[in-house]
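Below: one structure, written as structure tokens.
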Amino acid sequence: MSSIQSPLQISLSQSGNIRRRWFNPESQRKVIKINGVRRTTTVVACINAETNNSAPDNVLIVEKSKEVMEAEKRVLVGTYARTPVVLASGSGCKLYDAEGKEYLDLSSGIAVNALGHGDHDWVKAVVEQASVLTHVSNMYYSIPQVELAKRLVASSFADRVFFTNSGTEANEAAIKFSRKFQRHSNPDAKEPATEFISFTNSFHGRTMGALALTSKENYRSPFEPVMPGVTFVEYGNIEATKKLIQRGKTAAVFVEPIQGEGGIYSAKKEFLQFLRSACDDAEALLVFDEVQCGLGRTGYLWAHEAFDVVPDIMTLAKPLAGGLPIGAALVTERVASAITFGDHGSTFAGSPLVCNAAIAVLDKISKPSFLASVSKKGQNFIETLKQKLGSNPHVKEIRGFGLIIGIELDVPASPLVDACRGSGLLVLTAGKGNIVRLVPPLIITEHELDQAVEILSKSLSALDSNSS
């Protein structure tokens, strides 16, 4: 790969005054080796450039992590309570911090990096497309966008696709499409259906419409009033939901077949089947949010396939482009027929670069052998976790589907998460902070999963220290 240099990397080894206050070669950079990998990687803050070379000692030159963290506090808006790690490079299911420490990654950038870090075919797709055409906007046709849409339609219930840049944008599109569908379907109605049903423990995004569908009050309250017309009901409660889905009032029901952020809760088949029937009776749309649980994470290409229920709209995002920003709303022809030119749009969505990356991801994930491996690894992983961790008094339940797994505790999970990180394992929390969320790259090996179980098991003692 040829050298890629950013403006921030200019003259790092020179004596010029470019950003001199950030770079002191004597005190703020250090030289280390990583696993004998024959490459030189230069990391400046969060910018990474790789070059092949023939030098006998390949090295990583970095700012100290402390300096990066201090700089972050000065220049970025404080919206993230970040984990105190500066990640500099990755390969497969491994990540390396600025000092070269290795971590086994069971977070996948929050269920994004389905193919891990640096997948050869993904890198090839990105580099080749970047050298040809990156962005043209949706004023024009582009081949990768159409090719990706063809693949998504061919592999799903959907007839058409609308591309976005994120999961929350995909849900915003679903909101607009639902309301427009009701107006289109009921042209003589004085007040067509505009309201929505969502569920406890739900998470649909942080933009104002998707936020209104998200159940956590502390996410919504600082920004109220959010979009009105949303009613929350207990996830899985058929009787309570039955009273709320009403013809002429309910535009759509939004539901995650498996809740990720909410705590790794899976819907039951009869619940989703009820929602399908109730929405049909009320002429409301059924929207499945598969931003986190879709695209192979359950061992099915689409999570809802396990329940034998088909939605009217499905929203996707996280793993679709393997780490590049993308989202999508997949819809039936009945929904698409309500949408006309100018009803919605995006400047960046569906760019040639991102769509070509997504084709590489989808082509791999959609193979039956790949999906079967995810299912098998997930089953074995859950069984091993139950064997090794299940008897601990702090572990209330271990649940999951494929490679989206939650370990529910009777105490906050953060001490366990911190202890795991100290031992070289990256995991997440979910729910009310008492659930360890495990969403590794889908390419993870059985051996790596066994390593993760051992670290989790040995780190459980951190919960005793915390509770005492």
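The values are calculated or read from the model by the stated rules, or taken from the named source; none is laboratory data. This is a predicted model, so every value here is computed, not measured. Methodologically, a virtual Cβ is constructed for each residue, glycine included, from the backbone with ideal geometry; neighbour enumeration extends over all protein chains shown. Surface accessibility is based on the protein's heavy atoms, side chains included, excluding ligands, DNA and RNA. Shrake-Rupley method; radii C 1.70, N 1.55, O 1.52, S 1.80 Å.
A compact table of results
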read-out: When the stretch 357-433 is reduced to its Cα atoms, the Kirkwood hydrodynamic radius in Å; value: 14.3
read-out: Among 73-83, 371-381, 170-180, the order from most to least packed when residues are scored by Cβ within 10 Å on average; value: 170-180, 371-381, 73-83
read-out: The stretch 225-272 - convex hull of the alpha-carbon atoms, volume per residue in Å³; value: 98
read-out: Solvent-accessible surface ranking, highest first, for 394, 447 at 1.4 angstrom; value: 447, 394
read-out: Sorted largest first, extent of the stretch 255-346 alpha carbons per principal axis (Å); value: 39, 38, 21
read-out: Overall form of the stretch 51-209 per C-alpha gyration tensor (a/c, 1.5; a/b vs b/c); value: prolate
read-out: Inter-probe distance in nm under a simple model that places probes 7 Å from Cα toward Cβ, at residue 184 and residue 139; value: 2.6
read-out: Share of carbon and sulfur in the accessible heavy-atom surface of the stretch 389-468 [1.4 Å probe, %]; value: 49
read-out: Reference-scaled alpha-carbon Rg (2.2 N^0.38 Å with N residues) for the stretch 123-266; value: 1.26
read-out: Mean shadow area of the stretch 195-239, taken as a quarter of the surface of its Cα convex hull (nm²); value: 3.0
read-out: Order by protection proxy (mean Cβ within 10 Å, highest first), peptides 324-334, 219-229; value: 324-334, 219-229
read-out: Pairwise centroid distance, computed over Cα atoms, of the stretch 88-154 with the stretch 253-292, Å; value: 29
read-out: Span from the the stretch 427-461 Cα centroid across to the the stretch 340-387 one, whole angstrom; value: 20
read-out: The stretch 302-361 - percent of accessible surface contributed by carbon and sulfur, probe 1.4 Å; value: 59
read-out: Surface per residue (accessible, 1.4 Å probe) for the chain, Å²; value: 47
read-out: Entries of 94/124; 150/180; 318/396; 150/367 with Cα pairs more than 26 Å apart; value: 318/396
read-out: Enclosed volume per residue, in Å³, of the convex hull spanned by Cα atoms of the chain; value: 167
read-out: Helical mean residue ellipticity (222 nm; -39500 (n - 2.57) per DSSP H run of 4+; nearest 500) of the chain; value: -10000 deg cm²/dmol
read-out: Size descriptor, Kirkwood hydrodynamic radius, that averages inverse alpha-carbon separations across the stretch 87-162, Å; value: 15.2
read-out: Å³ per residue enclosed by the Cα convex hull of the stretch 151-220; value: 116
read-out: Partners for residue 458 among aspartates and glutamates (Cα-Cα distance below 15 Å; same-chain residues under 8 apart left out); value: 418, 450
read-out: Among beta bridges that DSSP assigns inside the chain, antiparallel share in %, nearest 5; value: 70
read-out: Unit charges at the beta carbon, dipole of the chain: most positive-side option, 295, 368, 277; value: 295
read-out: Estimated dipole of the stretch 317-430 in Debye, rounded to 20 [Cβ of Lys and Arg +1, of Asp and Glu -1, Cα centre]; value: 360
